[in-house]
1. Being aliphatic (A, V, I, L, M), within 12 Å of the chain's Cα centre (by Cα) and farther than 15 Å from GLN16 by Cα is the filter here; which residues of the stretch 86-119 pass it?
2. Which residues, counting only those in the stretch 35-72, are over 15 Å from GLU112 (Cα atoms) and either in contact with a helix residue (DSSP H, G or I) (Cβ under 6 Å, 6 or more places away or on another chain) or buried (at least 17 other Cβ atoms within 10 Å of the Cβ) (or both)?
3. Can you tell me which residue in the stretch 11-39 is nearest to GLN102 (Cα to Cα), limited to those that are of a type in the set (A, V, I, L, M, F, W, C) and in contact with a Gly (Cβ under 8 Å, 6 or more places away or on another chain)?
4. Determine which single condition VAL11 fails, assuming it passes every other condition in (1) of a type outside the set (Asp, Glu); (2) under 19 Å from PHE118 (Cβ atoms); (3) without any contact (Cβ under 8 Å) to a residue 40 or more places away in the chain.
5. Within the stretch 101-111, is even one residue small (Gly, Ala, Ser), within 24 Å of TYR29 (Cα to Cα) and surrounded by fewer than 17 Cβ atoms within 10 Å (Cβ to Cβ)?
Amino acid sequence: MAESRMYAFSVSALPQYVAEQSDPAKERYVFAYTITIENVGTVAAQLISRHWIITDATGEIQEVRGLGVVGRQPLLQPGEKFVYTSGCQLDTPLGTMRGTYQITAVDGRQFEAEIPEFALAVPHVLH
């Protein structure tokens, strides 16, 4: 089996606008996102840290790095999924998020899982 197939995580995101925590008059737009991480490889591995790149509509970039996700560093067996919800705040009604998770397999091999870019958008801003 190809080594890349042994060490692989699949990541998907479902973003949503949180109107009740947002205040457009003060340029405060809050978004929640639910992330599903699945170990699609053949070796158990643990999510160690994250690196997010958050870009607003003006091109302003925030980089966020930290250990784990929502205070956890889940160990996923092959085929196992971990789902969590988190959030971010933008100064504009549109933006994007993308990044990587740093993963360590139980055999010590380290690799990254890409977080595909997804849009953050206030409903009806995009036509």
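The values are calculated or read from the model by the stated rules, or taken from the named source; none is laboratory data. On a predicted model such as this, the values are computed, not experimentally measured, just so you know. Here Cβ is always computed from backbone atoms with ideal geometry, including for glycine, and neighbour counts include all displayed protein chains.
1. Kept after step one, since they are aliphatic (A, V, I, L, M), are these residues of the stretch 86-119: 90, 94, 97, 103, 105-106, 113, 115, 119.
Going one step further and asking which of them are within 12 Å of the chain's Cα centre (by Cα), we end up with 97, 113, 115, 119.
Once the filter is applied, which keeps residues that are aliphatic (A, V, I, L, M), within 12 Å of the chain's Cα centre (by Cα) and farther than 15 Å from GLN16 by Cα, the stretch 86-119 yields ALA113, ILE115.
2. Within the stretch 35-72, ILE35, THR42, ILE54, THR55, ASP56 meet the criteria.
3. Of everything passing the filter in the stretch 11-39, ALA32 is nearest to GLN102 (Cα to Cα).
4. Evaluating VAL11 over (1) of a type outside the set (Asp, Glu); (2) under 19 Å from PHE118 (Cβ atoms); (3) without any contact (Cβ under 8 Å) to a residue 40 or more places away in the chain leaves (3) as the failure.
5. No, that holds for no residue.
To keep it simple, each residue is scored yes or no on (1) of a type in the set (Phe, Trp, Tyr); (2) modelled with pLDDT under 95.
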{"site": "GLU3", "(1), (2)": "no, yes"}
{"site": "SER12", "(1), (2)": "no, no"}
{"site": "GLU20", "(1), (2)": "no, no"}
{"site": "GLU27", "(1), (2)": "no, no"}
{"site": "PHE31", "(1), (2)": "yes, no"}
{"site": "ILE35", "(1), (2)": "no, no"}
{"site": "THR42", "(1), (2)": "no, no"}
